[in-house]
Amino acid sequence: MELDFDKEMDALLRETAQGETASANGEFKIENLKSPHPDADEIAAFAENALPEKMKPSFIEHFADCGRCRRILSNVVALNSETPAEIVRTEEIKRAVVAPIPWYRRFFAAPSLAYAMGALLLIFTGLIAFTFIKNSAPDAEIAETREVPVNAGGGGVSSDGETREIESTAPSNSATMSNAPSVQSNAMTTTNSTRAASSTNAAPLSNAAAANESNLNKGKATEDKTQNNLPIAAPPAPQSSDNPASGANFAAPKSKESDAEETRTRDVVSNTSDQASSNSTRAPKPSAPPAKSAPATSRSAAPDAIAKRNARAMETQKTETRTIGGKNFRRDGSVWYDAAYSGQSTTNITRGSKEFKKLDANLRSIADALSGTIVVIWKERAYRIQ
Amino acid sequence: MSSAAVEKNRSQIEEAIARLISRASDSRRLEIADLRERVEKSIEKYVLRADENAPFAEIKEFVDALCADDLCLIIACEKNDEKAWEDLVKNYDGTVKSAARKMSNNSEDAEDLASSIWAELYGLKHDKDGKLKTKLSYYSGRGSLGGWLRAVVSQLAIDGFRKESKFVQIEEAREFERLANDSAEHTDNAAIVHATANPEENFSARQTEKDVSDALRSAISRLEAENKLILKLYYFDDLKLKDIGAALGFHEATASRKIVRIQSEMRKSVEKILIGEHGWTREEVKRHLTDAASKLDVGLEKMFALFVVAALVQELFGAGVL
């Protein structure tokens, strides 16, 4: 290291030092000492700057005057500089003693941190799995909330201007269900048991009707939930679902609920079998009178009806159908398919787009009534509105 | 015998010793009672000697700064713990041997020195209580064990060297005397004996050197203790400023500034002594200092030239020219 010092004095002192070092006796000359010679422990402590401050002045004075002790000190200092690890350790001991680790820093010590991170990982994995499982069954949940009240003898009628197609009744009226082959097939699977019973014996129907009390109530409850969320669509035309304009009022407000209800009742009656029509009234009350023709068998078929009800409930959850504007829609995944659709090419339109606004008002109403993507046949043309 | 201050704070000292034991990574199954005597002695040596009425906070700080592992190791060795001795030899034999090699001229002397150290550490004599008198009892734990061992080696080496150097000095003096007499008796060497033609110049040169030497010594003795120590450590012991600063507790830059101030103080002091006590003029002082510096430079130049010549000669020998 370059020093800006007096070179002449430096030269003189070096010359003097060389002369002193050459003579061992001169080097270890001991002048007037006021303090005793320090022992190795004190010299070592001084060399490491570990002596208490109060003791340092006396030691400095001794080392300045005692060549022997100063030489020992300089040797120790030189040797220590070659192996500083121990001295660093001494400093670390001092620092460790002075500064204890605070409680909030101990938390981040390696073992605690590892356990904490492991626990967090487990928690997040569980949350992700739970969310994934929950989201992977949306259809089941949606079907549950919109469960169609199953009624073997009739249609469940809602007061929101739309008719939910009752699967069990669908196949009984082929005229209105001619455009819903898929609905028919679904209905067939679910209502075979009931139809078979109803065709041969009115008792099962009545029994089913009686047994469906709770189901209807349930359906009504779920319908009530969804009623407020659904746009009101006008009741469909009684005969043709392709002509929703005939008498349909798509924008029927809620204030016309009673009129719509009457219309729906008529529609349901027209679309259902005779056996269903007897139970198609809006209030399929628990005390709905069973068919007169089969009072005797109702009690004995109760267990069977319960089983059928459960089966229908399960089926309902799987396949959902709705009738809006006289058109029957079946839900497949997230898409509502018009019963009249048979796979032809579609015109894709997005809700809110210019093309959508150019559509017929009734068609737009149907699109607004159903959420998600719908495939609808309108004036012999297939549209995919999403 | 424990001092009054130690007696007064005994319970707190024991708490501090308990903390010391807990600090050690290997306490070697030592208890408070095993360490109490040593720690109390250290407190008396380092704290109470300077201030008998030192507050307990100072005592506590002192105990908390002791090297716990080293102290536990040494005390376990004193209790003849074999494992402790194994660890001591395994971990510190290198330190002792390395220090011994630096203190000695050759490897044989270094081995002898190292063996002597271990013998003193182990202890060869017994005291009145029958305990082995070992140098380990002098270790307080204030500094590191390695530093203490280096100090022990250095102390033993220097004390041994001093004994030998006195012996050698006498022999050398006799040898020089014999040579001088031989030269005087042989007429062929008369010219060598009387080499200098002008005795007055010789006397003047010798007197000048003596005056300067006296002035320097006097100036050094008038320095403050710390400055004197720094100057001697730097010029006489050839220590680096960094190491001087580390030992005295300041930075290397501070040590550098101190050296510059010391030189300035020395110059003023030397000039004053030469002018005031030896009758020199200011110009003489200035000339002598300049000459001293140039002599050193010339000396260095000569050394460099000699080195170059030696290297050339070696090359020529190697090439087969010479």
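Inspect all residues belonging to the range B:80-101 and state whether any of them is within 14 Å of another protein chain (Cβ to nearest Cβ) and over 30 Å from B:G160 (Cα atoms).
Within the range B:80-101, not a single residue is within 14 Å of another protein chain (Cβ to nearest Cβ) and over 30 Å from B:G160 (Cα atoms).
Name, by its number, the condition in (1) assigned to a helix (DSSP H, G or I); (2) at pLDDT 90 or above; (3) out of contact with any helix residue (DSSP H, G or I) (no Cβ under 7 Å at 6 or more places or on another chain); (4) closer than 30 Å to B:K210 by Cα that does not hold for B:I230.
(3)
Being under 10 Å from B:I13 (Cβ atoms) and among the basic types (K, R) is the filter here, so list the residues in the range B:39-64 that pass it.
Residue satisfying the conditions is B:K60 alone.
Out of B:R49, B:R10, report the one residue that is over 30 Å from B:D87 (Cα atoms) and either loosely packed, with under 14 Cβ neighbours inside 10 Å or touching an Asp or Glu at 6+ places or on another chain (Cβ under 6 Å) (or both).
Of the residues listed, the single one that is over 30 Å from B:D87 (Cα atoms) and either loosely packed, with under 14 Cβ neighbours inside 10 Å or touching an Asp or Glu at 6+ places or on another chain (Cβ under 6 Å) (or both) is B:R10.
Which residues, counting only those in the range B:238-280, are assigned to a loop (DSSP other than H, G, I, E, B) and under 20 Å from A:E82 (Cα atoms)?
Passing the criteria: B:D238, B:L239, B:K240, B:G249, B:F250, B:H251.
Please count how many residues of the range B:232-268 are buried (at least 17 other Cβ atoms within 10 Å of the Cβ), polar (S, T, N, Q) and either closer than 27 Å to B:G147 by Cβ or in contact with a Pro (Cβ under 7 Å, 6 or more places away or on another chain) (or both).
Qualifying residue count, the range B:232-268: 1.
If a residue must be under 21 Å from the mean Cα position of the chain (by Cα) and without any contact (Cβ under 8 Å) to a residue 40 or more places away in the chain, how many such residues does the range B:82-104 contain?
Within the range B:82-104, residues that are under 21 Å from the mean Cα position of the chain (by Cα) and without any contact (Cβ under 8 Å) to a residue 40 or more places away in the chain number 5.
Given the condition surrounded by fewer than 18 Cβ atoms within 10 Å (Cβ to Cβ), closer than 30 Å to A:F46 by Cα, more than 7 Å from chain A (Cβ to nearest Cβ) and in contact with a helix residue (DSSP H, G or I) (Cβ under 8 Å, 6 or more places away or on another chain), answer yes or no: does some residue in the range B:269-287 qualify?
no
Residues to consider are A:L33, A:L12, A:L51; find the one that is assigned to a loop (DSSP other than H, G, I, E, B) and at pLDDT below 90.
From the options A:L33, A:L12, A:L51, the qualifying one is A:L33.
The values are calculated or read from the model by the stated rules, or taken from the named source; none is laboratory data. Given the structure is predicted, the values throughout are model-derived calculations rather than measurements. With ideal geometry, Cβ positions are generated from the backbone for all residues, glycine too; neighbour counts draw on all protein chains shown.
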